[in-house]
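Throughout, read-outs are computed from the coordinates displayed, never taken from laboratory work. Since the structure is predicted, the reported quantities are computational estimates derived from the model, not experimental observations. All Cβ positions, glycine included, derive from the backbone under ideal geometry; neighbour counts span all protein chains shown.
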Amino acid sequence: MKIKDGYILRDVAGVSFAVPVGDESAGKNKMITVNETGKMMWKALEKGITRDALLDKMLAEYDVDAETLGKDIDDFLDKLRDGGLLEE
């Protein structure tokens with residue numbers, strides 16, 4: 001899966017936002033805030049990554065159990081899907 005073309009991550013006053021650019025920005029309000037963990041996932045998703053590979057990558061960075069982290073990843077991916085920001 002991958003972040004859909006036409007969306008970028010920008011930091012404004014210490015807060016990260018996923019914002020539409022180009023054709024995606026016309027008449028749409030799909031801007032979402034992203035925390036530091038979300039930023040890490042976003043950057044991996046920009047390059048294209050499977051959910052399982054994303055879980056492995058995040059487990060290597062954070063001291064958390066796989067079940068909790070997997071739920072958090074799924075919640076983030078659902079947020080991106082709901083906003084139309086994710087290509088599968």
_Tell me the mean residue ellipticity at 222 nm calculated for the chain from its helices only (DSSP H runs of n ≥ 4, each -39500 (n - 2.57), averaged over every residue, nearest 500)._
-14500 deg cm²/dmol
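If you place +1 on the Cβ of every Lys and Arg, -1 on the Cβ of every Asp and Glu, and leave all else neutral, what size is the dipole of the range 2-83 about its Cα centre, to the nearest 20 Debye?
On the way: 13 positive and 17 negative charges, 90 e Å.
In debye, rounded to 20, the range 2-83 gives about 420.
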*What Rg and what Dmax come out for the chain when only alpha-carbon atoms are used, in angstroms?*
13.0, 41
*Among Ala66, Ile8, Trp42, whose Cα lies farthest out toward the positive end of the dipole of the range 2-83, if unit charges sit on the beta carbon of Lys, Arg (+1) and Asp, Glu (-1)?*
Ile8
*Would you mind checking the range 65-88 for residues with the amide N under 13 Å from a putative spin-label position 7 Å along Cα→C-beta of Lys2?*
86-88
